[in-house]
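Structure first, commentary second.
The values are calculated or read from the model by the stated rules, or taken from the named source; none is laboratory data. In this text, all values refer to a predicted model and were calculated from it rather than measured experimentally. Here the Cβ positions follow ideal geometry from the backbone for every residue, glycine too, while neighbour counts run over all protein chains shown.
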Amino acid sequence: MQPVTSEPGRSRSGFRLVLGLFALGLTMVTACGDDSTAQDSRADDETALAKLDERQAEAWAKGDGTAWAATFTEDADFVDWMGGHLHGRATIAESFQQGFDTFMKGTRWSTPEKRTVRFVTPDVALIITSGMCVLQPDARQCRAEDLSIQTRVAVKRAGNWLCTSFHNSRIRTGGGPGS
């Protein structure tokens, strides 16, 4: 049986094939997109993570343990540069407020020399800041022996980024393994 044609020499089945291929191509372009939405989302997340850093620095500068701890998840872990371990937002708030009221009074964070962000998944980011220190009230720059590196794991929950893990270590300046 001959296919019905709409034009001389053209069959409806050929037209359907072309139309089907066009629809398939359009579907693929729509599904794959130009990736601008994903790039916009990533840029928004990077901005939100930078604001998380700013909130932490501001809370520290104000000596506000509650605001500092509010940048962490309820079940967060914090490891200080001497190896002390705090677990949970309430414990972090209490411990840091004690520090802000005493030996950390008037201190502030320096700007890190380097900051990297790596998205492990769309809702989990590894943030590493290095070459920063806690500046004493009268200090303008870090002493080499005070420089540290922080490794943070941030998670996105209900559209908000919070730290779930924060590990602070001194930067080794000479000799020995890892220096």
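Of all the residues in segment 58-110, those that are over 18 Å from Ser165 (Cβ atoms), touching a residue at least 40 places away in the same chain (Cβ under 8 Å) and in a loop (DSSP other than H, G, I, E, B) number 5. Please determine, by comparing only the residues of segment 118-139 that are among the small types (Gly, Ala, Ser) and within 30 Å of Arg42 (Cβ to Cβ), which one is modelled with the lowest pLDDT. Here the answer is Gly131.
Is one or more of the residues making up segment 169-176 at pLDDT below 90 and either among the basic types (Lys, Arg) or surrounded by 11 or more Cβ atoms within 10 Å (Cβ to Cβ) (or both)? Looking for residues that are at pLDDT below 90 and either among the basic types (Lys, Arg) or surrounded by 11 or more Cβ atoms within 10 Å (Cβ to Cβ) (or both), one finds at least one in segment 169-176, hence yes. If you check Thr111, Thr73 for being under 20 Å from Ile128 (Cβ atoms) and within 16 Å of the chain's Cα centre (by Cα), only one passes: Thr73. Does any residue of segment 105-117 turn out to be modelled with pLDDT under 95 and of a type in the set (Gly, Ala, Ser)? Checked segment 105-117: at least one residue is modelled with pLDDT under 95 and of a type in the set (Gly, Ala, Ser).
All told, Arg140 falls short of being farther than 18 Å from Arg172 by Cβ, free of Cβ contacts under 8 Å to residues at least 24 places away in the same chain, assigned to a strand (DSSP E or B) and out of contact with any helix residue (DSSP H, G or I) (no Cβ under 8 Å at 6 or more places or on another chain). Restricting attention to segment 90-125, the residues that are surrounded by fewer than 17 Cβ atoms within 10 Å (Cβ to Cβ) and among the aromatic types (Phe, Trp, Tyr) add up to 2. Out of the residues in segment 145-161 meeting the condition of being small (Gly, Ala, Ser) and either surrounded by fewer than 17 Cβ atoms within 10 Å (Cβ to Cβ) or at pLDDT below 90 (or both), tell me which one is farthest from the chain's Cα centre (by Cα). Looking at residues that are small (Gly, Ala, Ser) and either surrounded by fewer than 17 Cβ atoms within 10 Å (Cβ to Cβ) or at pLDDT below 90 (or both), I get Ala158. Here Gly83 clears all of (1) surrounded by 18 or more Cβ atoms within 10 Å (Cβ to Cβ); (2) under 24 Å from Arg172 (Cα atoms); (3) of a type in the set (Gly, Ala, Ser) except the condition numbered (1). Only one of (1) modelled with pLDDT under 95; (2) touching a strand residue (DSSP E or B) at 6+ places or on another chain (Cβ under 6 Å) fails for Cys142. Which number is that? Here Cys142 clears every test but (2).
Checked against (1) surrounded by fewer than 16 Cβ atoms within 10 Å (Cβ to Cβ); (2) over 23 Å from Arg172 (Cα atoms); (3) not charged (D, E, K, R), Gly63 passes all but condition (1). Of the listed requirements (1) at pLDDT 95 or above; (2) under 21 Å from Ala59 (Cα atoms); (3) of a type outside the set (D, E, K, R); (4) exposed (fewer than 15 other Cβ atoms within 10 Å of the Cβ), Thr164 misses just one: (4).
Restricted to segment 33-62, and to residues there that are small (Gly, Ala, Ser) and at pLDDT 80 or above, the residue that is farthest from Gly106 (Cα to Cα) is Ser41.
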